[in-house]
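Only one structure is covered here, and it is reproduced in the block below.
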Amino acid sequence: MKCVYCETPEIVARTIVTNKVAFAFPTNIPIVPGHTLVCPKRCVRRYEDLSTEEKEAIEELRVKICGALKTVLGAEGFNFAWNDGESAGQSVSHFHLHILPRREGDTGIYEYEPRKFLYRTGSREPSPEAELQRVSERIAAAL
Ligand SMILES: [Zn+2]
């Protein structure tokens, strides 16, 4: 199966920056202007598939892109996200970190609302502390 990030000439043409093992380019369906993706050059799907060198390379480009987005677009904040696995909404099987530059009062955010994504909608009742401790213990036991 073809990979759009590896085999689309337009992406090569719009690549912003590369380093030894990673590259960054503006996505074709930006949520906001400057919405950028950072990928490893190697075609791997999941974060856990990345080597340490690739993670460091992606971080290097993330920092560079953020600096540039502050300068060029006046970014005041950022959303960072990746969908890790099909069940988490990953539609392209090539790891990609989303960088979304944000400004106070910006528009164009229709489906992505971090507070809805990261916070339970509806009830804001905290979970019982004992339940949270069990969750903590289960995760810690699996480390
Ligand atoms: Zn690929």
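The values are calculated or read from the model by the stated rules, or taken from the named source; none is laboratory data. Treat the numbers as computed from the prediction; the structure is a model and nothing was measured. Cβ atoms come from the backbone with ideal geometry, glycine included; neighbour counts cover every protein chain shown.
How many residues, within region 63-82, are part of a loop (DSSP other than H, G, I, E, B) and either of a type in the set (A, V, I, L, M, F, W, C) or at pLDDT below 90 (or both)?
2
How about region 34-52: which of its residues are free of Cβ contacts under 8 Å to residues at least 24 places away in the same chain and surrounded by 14 or more Cβ atoms within 10 Å (Cβ to Cβ)?
Lys41, Arg42
Tell me whether region 72-84 contains one or more residues that are farther than 25 Å from Asp106 by Cβ, within 14 Å of the ligand (Cβ to nearest atom) and not polar (S, T, N, Q).
No, region 72-84 has no match at all.
Out of curiosity, is Lys2 outside any helix (DSSP H, G or I), at pLDDT below 95 and either charged (D, E, K, R) or touching a Cys at 6+ places or on another chain (Cβ under 8 Å) (or both)?
Here the answer is yes, as Lys2 does meet what is asked.
Given the conditions (1) surrounded by fewer than 19 Cβ atoms within 10 Å (Cβ to Cβ); (2) within 17 Å of His94 (Cα to Cα), and given that Leu61 satisfies all but one, which numbered condition is not satisfied?
(1)
Hey, can you tell me all the residues within region 71-84 that are over 19 Å from Asp49 (Cβ atoms) and either loosely packed, with under 15 Cβ neighbours inside 10 Å or aromatic (Phe, Trp, Tyr) (or both)?
Thr71, Val72, Gly74, Glu76, Gly77, Phe78
If you go through region 1-33, how many residues are away from the ligand (no atom under 14 Å from the Cβ), closer than 15 Å to Ser91 by Cβ and surrounded by 15 or more Cβ atoms within 10 Å (Cβ to Cβ)?
Adding up the residues that qualify gives 2.
Have a look at Arg42, Arg46 and point out the one that is of a type in the set (D, E, K, R), under 13 Å from the mean Cα position of the chain (by Cα), closer than 16 Å to His94 by Cα and within 16 Å of the ligand (Cβ to nearest atom).
Checking each option against the conditions leaves just Arg46.
Right, Glu60: out of contact with any helix residue (DSSP H, G or I) (no Cβ under 7 Å at 6 or more places or on another chain), in a helix (DSSP H, G or I), modelled with pLDDT of 95 or more and more than 14 Å from the ligand (Cβ to nearest atom) or not?
It is true that Glu60 is out of contact with any helix residue (DSSP H, G or I) (no Cβ under 7 Å at 6 or more places or on another chain), in a helix (DSSP H, G or I), modelled with pLDDT of 95 or more and more than 14 Å from the ligand (Cβ to nearest atom).
Phe95 is checked against (1) part of a loop (DSSP other than H, G, I, E, B); (2) within 15 Å of the ligand (Cβ to nearest atom); (3) surrounded by fewer than 16 Cβ atoms within 10 Å (Cβ to Cβ) and fails just one. What number does that condition carry?
(3)
Rundown of residues vs (1) closer than 30 Å to Leu73 by Cα; (2) loosely packed, with under 10 Cβ neighbours inside 10 Å; (3) modelled with pLDDT under 65; (4) of a type in the set (D, E, K, R), yes/no style:
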residue: Pro114; (1), (2), (3), (4): yes, no, yes, no
residue: Glu125; (1), (2), (3), (4): no, yes, no, yes
residue: Pro128; (1), (2), (3), (4): no, yes, no, no
residue: Leu143; (1), (2), (3), (4): no, yes, no, no
